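Note sheet for the following structure.
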Amino acid sequence: MTSQTIRARFAPSPTGYLHVGGARSALFNYLFCRRNNGKFILRIEDTDIDRNIVGAEQKILDDLRWLGIDCDEGPGVDGAFGPYFQSQRRDTYDAACQKLLASGDAYYAFDTNEELDVLRKQAEAAKTGFKYPRPDPLPTAADADRARAEGRPVVVRFKVPDEAITIHDEILGDVTFAAGELDDFVIVKSNGWPTYHFAVVVDDTHMEITHVLRAQEHLGNTPKHVFIQRALGVPTPKYAHLPLVFNIDGTKMSKRDKHKAVRQGVKDAIKQNNMTDAQVVELTGASSDAVERWLKKKADAELSMDQVAKLAAAAGVTIPEIDVHDFRVSGYLPEALLNFIVLIGWSPGGDREKLTRDEMIELFSLDRINKTAGRFDREKLLAMNLDWCSAAPTERLVEAFKDWATLNDSHMAALDDATLGRVLDSCRGFRTLPDVVAKAGILFESDDAVVFDEKAVAKVLAKNDGAGFAMLESLLPQLESLEPWTAEAIEGFVKNICESTGSKMGDVAQPIRVAVAGRPVSPAIGDTLVFLGRDKTLNRIRRCLQQR
RNA sequence: GCCCCCAUCGUCUAGUGGCCUAGGACACCGGCUUUUCAUGCCGGCGACAGGGGUUCGAGUCCCCUUGGGGGUGCCA
């Protein structure tokens, strides 16, 4: 190791938002570095030019920032090892490739995808594993030029040594792969760009990465990387393969789950005649062919997320949160998400569970990482979010709520901080930020926006020959003159009514609540009326009386 | 097919050979509190996958079986 300092990295590819699994990898790397005074590096792996999505890296950066995971080197944070985009490091890969070609550790190959497909199918039919047949003798540079001239694709393959290899993993221990298991894999594609396996090794070397913490799905790739390192004559970093993160049903958590959930919901709706194929076509504005393919053949790409969202709304399906951004939009606190995620595959030991980022840093160690894959339990996340919301000071809640409200174009984004703080405090006990809107949002809409819930009206107002309505009627003039218009005064007023009429709080508060909110749910009655103000309160009660 | 990894309540986990008649949290069930909805509080249900070893002693070590997962791409 040329550097004594621990250096670890998170290396996402810019193909969309940051996935929670990726966020967990980023977090572990981050914690490991912070704990050990190391450097945390962010590198964008954009060697697959066709799959890159414009602006995706910015979204990933935003999500990491939202979570509070900051890097020491990376896009926008200069370091001595940049650039931090693989697309800007092409010459490095080319040089490394030339070196391997020159030493005979890599060679040119000219097979078309079709030819390879045929070989793979044959192998499958024969129930044997596919291994790329290494040509003998190996093609020369001249052969490569000739192939290129013929219009054949030219790639570079790594000549895998015929020897067993043992990987020492910091979490899993020694893992041995027998000789002859690997075949000669591609390191440079026909478009000249390196594959992941090659770029990752070259970059980790140049960036002097000392520790590679990555998902366990990469364990089987590690021999490839170590063989390349040996051929290049460079050191091997320490590896730590993190347990995977699954859905609650044990399937792999993926972006496809969103399509899957909505597809199922739409299918059910059609089956129950709540929806027709024609409606699906109309809703999405897509061609009926595209819709059919999406519906039947699981061709996710046929519909955009926007179109899928429309279908979800129509079919009454909730799209599952998969990306960090989804959880942000759903109204989770980043500190809760972070706390939840860190406990999948790691624990500080004992009964400790609730951890701030700083506590995680203090407690983090590689040897407490589990080997077992964990499931992403949304119920537990919800409970954890409630805990964090309950414990959060009002200012923090205001800040988080504004972020959420702005992101969701909520009408409550317009409220001033002081009001917002009081509203948030009056709703304490909520699980996610939108719960606050569900409970108190109506108080900040126009009076005509109040829709009276039939059941609530029947139960609270109309029952007993309209006892509730009568109550409201008698309350109205007193409310007109009540002074001062504060939560305490209003609560006191309601209590007085109870005492003088011998009724329970609910008998008085509920009719008022339904009158002003249309539903039997709102903050405490005093708070509810204060948020509304006297004029709107009276107006809404009068409007309600017309429902009689 | 082949290679690799994994295995404690439904879920996340504590447990690193005796402290384990296996602890906590979420969920679930029951009760209490409460002006609504939520909260909050109390209690309950509930696991070492199976079989062999090793050991005075195994959830903890070894082997097999079973089960789950990952890889086997000119994706990362």
**OP:** May I ask you to list the residues in the range A:463-494 that are touching a residue at least 60 places away in the same chain (Cβ under 8 Å) and open to solvent by 50 Å² or more (accessible area, probe 1.4 Å)?
**Re:** A:Glu473
**OP:** Would you be able to tell me the number of residues in the range A:103-127 that are assigned to a helix (DSSP H, G or I), within 8 Å of RNA strand B (Cβ to nearest atom) and either of a type in the set (Phe, Trp, Tyr) or under 17 Å from A:Val188 (Cα atoms) (or both)?
**Re:** 2
Original post:
Taking the range A:372-396 only, how many residues are within 7 Å of RNA strand B (Cβ to nearest atom), among the hydrophobic types (A, V, I, L, M, F, W, C) and not in a helix (DSSP H, G or I)?
Top reply: 1
Original post:
Is it the case that some residue within the range A:502-523 is more than 12 Å from RNA strand B (Cβ to nearest atom) and without any contact (Cβ under 8 Å) to a residue 12 or more places away in the chain?
Top reply: yes
Original post:
Which residues, taken from the range A:429-450, are open to solvent by 40 Å² or more (accessible area, probe 1.4 Å) and either touching a helix residue (DSSP H, G or I) at 6+ places or on another chain (Cβ under 6 Å) or over 20 Å from A:Asn385 (Cα atoms) (or both)?
Top reply: A:Arg431, A:Phe444, A:Glu445, A:Ser446, A:Asp448
Original post:
Which of the following residues is over 18 Å from A:Thr528 (Cβ atoms) and open to solvent by 30 Å² or more (accessible area, probe 1.4 Å): A:Asp409, A:Asp425?
Top reply: A:Asp409
Subject >> Hits in the range A:169-202 (condition: more than 10 Å from RNA strand B (Cβ to nearest atom) and modelled with pLDDT of 95 or more) >> reply: A:Glu170, A:Val201, A:Val202
**OP:** Mind telling me which of the residues A:Gly38, A:Gly76 ends up being buried (at least 16 other Cβ atoms within 10 Å of the Cβ) and within 26 Å of A:Gln4 (Cα to Cα)?
**Re:** A:Gly38
Original post:
Counting just the residues of the range A:133-167 that are near RNA strand B (Cβ under 10 Å from one of its atoms) and among the charged types (D, E, K, R), which one comes out least open to solvent (accessible area, probe 1.4 Å)?
Top reply: A:Arg157
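For the range A:55-83, what are the residues that are β-branched (Val, Ile, Thr) and within 16 Å of RNA strand B (Cβ to nearest atom)? Steps first, please.
Filtering the range A:55-83 for residues β-branched (Val, Ile, Thr) gives A:60, A:69, A:77.
If the condition is that a residue be β-branched (Val, Ile, Thr) and within 16 Å of RNA strand B (Cβ to nearest atom), then A:Ile60 is the only one that fits.
Pick from A:Phe81, A:Phe130: which is open to solvent by 50 Å² or more (accessible area, probe 1.4 Å) and part of a loop (DSSP other than H, G, I, E, B)? Spell out the reasoning first.
Details: A:Phe81 fails: open to solvent by 50 Å² or more (accessible area, probe 1.4 Å).
A:Phe130 is the lone residue from the list that is open to solvent by 50 Å² or more (accessible area, probe 1.4 Å) and part of a loop (DSSP other than H, G, I, E, B).
Restricting attention to the range A:1-37, report how many residues are of a type outside the set (A, V, I, L, M) and assigned to a loop (DSSP other than H, G, I, E, B).
Within the range A:1-37, the subset of a type outside the set (A, V, I, L, M) is A:2-5, A:7, A:9-10, A:12-17, A:19, A:21-22, A:24-25, A:28-30, A:32-37.
Add one more test, that the residue is assigned to a loop (DSSP other than H, G, I, E, B), and what stays is A:2-5, A:12-17, A:36-37.
Qualifying residue count, the range A:1-37: 12.
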**OP:** Give the residues of the range A:171-200 that are under 15 Å from A:Gly220 (Cα atoms) and either assigned to a loop (DSSP other than H, G, I, E, B) or in contact with a helix residue (DSSP H, G or I) (Cβ under 6 Å, 6 or more places away or on another chain) (or both), sorted by residue number.
**Re:** A:Ile171, A:Leu172, A:Phe177, A:Ala178, A:Ala179, A:Gly180, A:Glu181, A:Leu182, A:Asp183, A:Asp184, A:Phe185, A:His197
**OP:** For residues that are more than 20 Å from A:Phe246 (Cβ to Cβ) and either more than 8 Å from RNA strand B (Cβ to nearest atom) or outside the structural domain of A:Ala26 (by TED's automatic domain parsing) (or both), tally how many sit in the range A:349-371.
**Re:** 14
**OP:** Would you please name the residue that is farthest from A:Asn370 (Cα to Cα), looking only at residues in the range A:183-218 that are of a type in the set (Gly, Ala, Ser) and open to solvent by less than 40 Å² (accessible area, probe 1.4 Å)?
**Re:** A:Gly192
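Report whether or not A:Leu415 is crowded, with 22+ Cβ neighbours inside 10 Å and at pLDDT 95 or above. If you could, list the steps in order and put the result at the bottom.
Numbers: crowded, with 22+ Cβ neighbours inside 10 Å: no; at pLDDT 95 or above: yes.
Judged against the criteria, A:Leu415 is not a match.
The values are calculated or read from the model by the stated rules, or taken from the named source; none is laboratory data. Note that the coordinates shown come from a computational prediction; the quantities given were computed from them, not determined experimentally. Positions of Cβ are generated from backbone atoms using ideal geometry, with glycine treated the same way; all protein chains shown enter the neighbour counts. In case anyone asks, the SASA skips ligands and DNA or RNA and just uses the protein heavy atoms, side chains included. Shrake-Rupley method; radii C 1.70, N 1.55, O 1.52, S 1.80 Å.
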